[in-house]
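See structure below.
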Amino acid sequence: MELRQLRYFVEVAEREHVSEAAEHLHIAQSAISRQISRLEDELGVLLFEKVGRNIQLTPIGKIFLIHAKTAIQAIEYAKYQIEEFLDPEHGSIKIGFPTSLSTHLLPTVISAFKDEQPNIGFHLRQGSYSSLKEAVKNREIGLAFLGPIPTNDPDIEGHILFTENISALLPITHPLADRKSVRLSDLRNDPFVLFPKGYIFHTIALEACKAAGFTPNIASEGEDMDSIKGLVSAGIGVSLLPDSTFYEVIPRLTVKVPIDTPEVKRTVGIITPKNRDLAPSEKLFYQFAKKFFSVLEQYQ
C-alpha cells in the first residue's frame, strides 16, 4: 500500500468522479484508476461502485476513507515534525483562535514573538470553541488560544494565561448606563442579546444569570462580537461580554458597566494536545506566550 494510492483514493472518494480527481491532481485518469484497482486488489474488497456516470463509495469504502484520511494526516504530521526538528527556527506554526481574542490578544503576542523569531511563519485559523478543540485533537492545528480553558477534556491540556472579567454592555439610553457597576439581577427585566445556543458565551451568560437568580429573556442573537455589539448599539437589548473585547474602543451608543454581583469571569489561555508532543517551533511559541503574559501580569 502506497501513500499516493491513499491520496488518489481520498480525492476520488470526495469528488465521486475519477476524471475530476485526475484533473485536480494533474495526472492521467488511467493512472488513478490503475492505482485504485491495485489498492482494491491488495485489500480484497471493492471500494467504489458505479452510479450512473459517477461512482460512490461502497459501505466498506466509507469505512476505509476514515482510516485513509487519518493515515495521511499522521504521515503529514510526521514529516512536519521532522522538518521542525531539523530547523525549528524556520518552521511554521498552526494556531487556532476564536473571534473574541482576535482583535488584541492574538496580534499582540504574535507580533512580539516575531520580533524574537522573525523566520518562523504562522498559519492562523479562526474557529468556534468546540471546533478549535477538535482541530487540536485531530492534528489539524498544533495549539489554540481559547477562553475559557476546558478543564474536563481528557485529550486537551490547558494552560491559563490570564483571567478576565465579563461586563455588561448596555445601550447608552439604559437607565443604569451611568452606574459605576451593576448587580446582574438589576438586568433581570431587560431583553438580552446573546450568542446562539451551542456557543460558549451563550452558556457563560446563562450560567451567570442563573447564579443571579433569573433566566434571561433572549430578544436577539448574533454569531460574532460585532453583531452583538451592533444590536446593543441599536437599543435591542443588553449583553455580557469579556473585557478584552473592548480593548481601547467601546462601541458607539453603548456603555460598558462592570458587574459586581455575582462575579463573572473567564479564563483565557492556550490548549495543546495531551497525546502528542508539540513540534519544536510550536514549543518555542508556547513557552514564549507563557512568559509574555506572566510578565504582563506583573505590571498590572
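I need the full set of residues from the range 190-204 which are closer than 16 Å to Ile259 by Cβ and either open to solvent by 20 Å² or more (accessible area, probe 1.4 Å) or part of a loop (DSSP other than H, G, I, E, B) (or both), in order please.
Asp190, Phe201, Ile204, listed by residue number.
Regarding Leu124, is this residue open to solvent by less than 40 Å² (accessible area, probe 1.4 Å) and either small (Gly, Ala, Ser) or touching a residue at least 24 places away in the same chain (Cβ under 8 Å) (or both)?
Here the answer is no, as Leu124 does not meet what is asked.
Step by step: first the residues of the range 127-140, then only those that are small (Gly, Ala, Ser) and assigned to a helix (DSSP H, G or I), then the one that is least open to solvent (accessible area, probe 1.4 Å). Which residue is that?
Result: Ala135.
Do any helices (runs of 4 or more DSSP H) lying entirely in the range 1-102 carry at least 1 residues that are open to solvent by 50 Å² or more (accessible area, probe 1.4 Å) and of a type in the set (Lys, Arg), and which ones are they?
3-15, 29-43, 59-86
Any chance you could count how many residues in the range 141-161 are crowded, with 16+ Cβ neighbours inside 10 Å and more than 18 Å from Glu282 (Cβ to Cβ)?
Residues flagged as crowded, with 16+ Cβ neighbours inside 10 Å and more than 18 Å from Glu282 (Cβ to Cβ) within the range 141-161 amount to 3.
Quick check on this structure: which one of Gly235, Gly213, Gly230 is touching a residue at least 40 places away in the same chain (Cβ under 8 Å), open to solvent by 20 Å² or more (accessible area, probe 1.4 Å) and either within 25 Å of Ser130 (Cα to Cα) or outside any strand (DSSP E or B) (or both)?
When all the criteria are applied, what remains is Gly235.
Across the range 166-193, what is the total count of residues that are in contact with a Gly (Cβ under 8 Å, 6 or more places away or on another chain) and not aromatic (Phe, Trp, Tyr)?
Count: 7.
Can you find a residue in the range 114-123 that is within 17 Å of the chain's Cα centre (by Cα), over 18 Å from Ser244 (Cα atoms) and aromatic (Phe, Trp, Tyr)?
yes
Would you confirm, using the coordinates I've provided, whether Asp260 is more than 20 Å from the chain's Cα centre (by Cα), outside any loop (DSSP other than H, G, I, E, B), at pLDDT below 95 and not hydrophobic (A, V, I, L, M, F, W, C)?
Yes: the conditions hold for Asp260.
Would you check which residues across the range 162-189 are among the β-branched types (Val, Ile, Thr) and either outside any strand (DSSP E or B) or open to solvent by 40 Å² or more (accessible area, probe 1.4 Å) (or both) and list them?
The answer is Thr163, Ile172, Thr173.
Just name the residue that is farthest from Ala205 (Cα to Cα) out of those in the range 263-279 that are at pLDDT 85 or above, open to solvent by 30 Å² or more (accessible area, probe 1.4 Å) and of a type outside the set (S, T, N, Q).
In this case the residue turns out to be Lys274.
Answer yes or no as to whether Phe162 is without any contact (Cβ under 8 Å) to a residue 60 or more places away in the chain, in contact with a helix residue (DSSP H, G or I) (Cβ under 8 Å, 6 or more places away or on another chain) and under 18 Å from Lys265 (Cβ atoms).
Criteria not met by Phe162.
The values are calculated or read from the model by the stated rules, or taken from the named source; none is laboratory data. None of the values given here were measured: they were computed from a predicted structure. No Cβ is skipped: glycine too gets one built from the backbone with ideal geometry, and neighbour counts run over all protein chains shown. Each accessible area value is taken on the protein alone, full model and side chains, heavy atoms only, with ligands, DNA and RNA left out. Shrake-Rupley method; radii C 1.70, N 1.55, O 1.52, S 1.80 Å.
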